[in-house]
Every structure is written in C-alpha cells, then in structure tokens.
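A.B. asks: Take a look at the following structure, please.
The values are calculated or read from the model by the stated rules, or taken from the named source; none is laboratory data. Keep in mind that what you see is a predicted model, and the values were worked out from it rather than measured. Glycine also receives a Cβ, built like all others from the backbone with ideal geometry; neighbour counts cover every protein chain displayed.
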Amino acid sequence: MKVNLVRIRKRRLFSVDLKREIVKDFEKGIFSVKQLSNLHQVHFQTIYNWIYKYSSLNDKSIRVVEKKDSSMQKLKELEQKVKELERAVGQKQLIIDYMEKMMELAKRDLGIDIKKNYSTPQSSGSGKTKQ
C-alpha cells in the first residue's frame, strides 16, 4: 500500500510591531533588505512591501534603491585613488620646494641665477656670443 504524502504549507504571520521593527532596522541602515530577508527567513519583496506600508520615509510612488556592494567597492577604489594622487602631489610639492631652495642657495652663495629670467633677450642660435 502506497501512502500519499502531502506537504502542508505553513503560513507565518508577523505582528505589526515586528514589521515596523524590521522597517526601522532598514531605515537606520543597520541591515540591508537582503540581510533582513536572510535573518527573518522572509522573501525580500515582502520586506519591500512592509517598507512601503510602514516606513515614514518612503511613499508608495518612490522606489527604494539600496547601494550594492559593487558601488561601495567602486567608491572605496575611488577614495584609494584620491589618496594616492594626494600623496603624489605632496611628493611633487616637496621636490618643488627643494628645487626652489637650491636655486635660492645657488644665487646667494655662488652668485648663479638659475631661475628663468623672462627679460633676457632671446638667443640668436648657435652663433658666437659677445664677451
């Protein structure tokens, strides 16, 4: 004799207080919708429905958009790039300061003016110069 086994579908009911608590966790940024979905074993669309229904920040006509990991990763990469560029600019500024100080010392101690002087006449090429 064969037994017919039928899976009984259980329906879980969540209290309004729990739904509002989940929405508050989302609004505070503590958890993402995906994390809340995994934590409470609820489909993500159900949580979005709760957000639309119980959130004070979201209207029905506004779509909730979460930052994905890829955009966060891109933001971190851009911040890292900015730090690297700032470090490079700082190093270049140190070199410029060093060169200016060397030119100043050369002028003061050796009497050599290394800075470009725009008032000097242009060279006529490789011809002989007056002495």
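A.B. asks: Out of the stretch 19-57, which residues are among the hydrophobic types (A, V, I, L, M, F, W, C) and without any contact (Cβ under 8 Å) to a residue 12 or more places away in the chain?
C.D. replies: ILE30, PHE31, LEU39, PHE44
A.B. asks: Starting from the stretch 92-111, keep only residues that are part of a helix (DSSP H, G or I), then list their pairs with residues that are among the acidic types (Asp, Glu) whose Cβ atoms are within a distance under 6 Å, requiring at least 6 positions of separation or different chains.
C.D. replies: Partner pairs satisfying both residue conditions: LYS107/ASP113.
A.B. asks: Let me ask another. Of a type in the set (Lys, Arg), part of a loop (DSSP other than H, G, I, E, B) and at pLDDT below 85 - does that describe any residue in the stretch 71-81?
C.D. replies: Among the residues of the stretch 71-81, not one is of a type in the set (Lys, Arg), part of a loop (DSSP other than H, G, I, E, B) and at pLDDT below 85, which makes the answer no.
A.B. asks: Here is a follow-up. Which residue out of VAL16, VAL3, VAL33, VAL23 is of a type in the set (Val, Ile, Thr), modelled with pLDDT of 85 or more and surrounded by fewer than 16 Cβ atoms within 10 Å (Cβ to Cβ)?
C.D. replies: Only one candidate qualifies: VAL16.
A.B. asks: For GLU84, state whether it is modelled with pLDDT of 90 or more and exposed (fewer than 14 other Cβ atoms within 10 Å of the Cβ).
C.D. replies: Yes, satisfied.
A.B. asks: Continuing with the same structure: Taking the stated definitions as given, is VAL42 at pLDDT 80 or above and either in a loop (DSSP other than H, G, I, E, B) or in contact with a Pro (Cβ under 6 Å, 6 or more places away or on another chain) (or both)?
C.D. replies: yes
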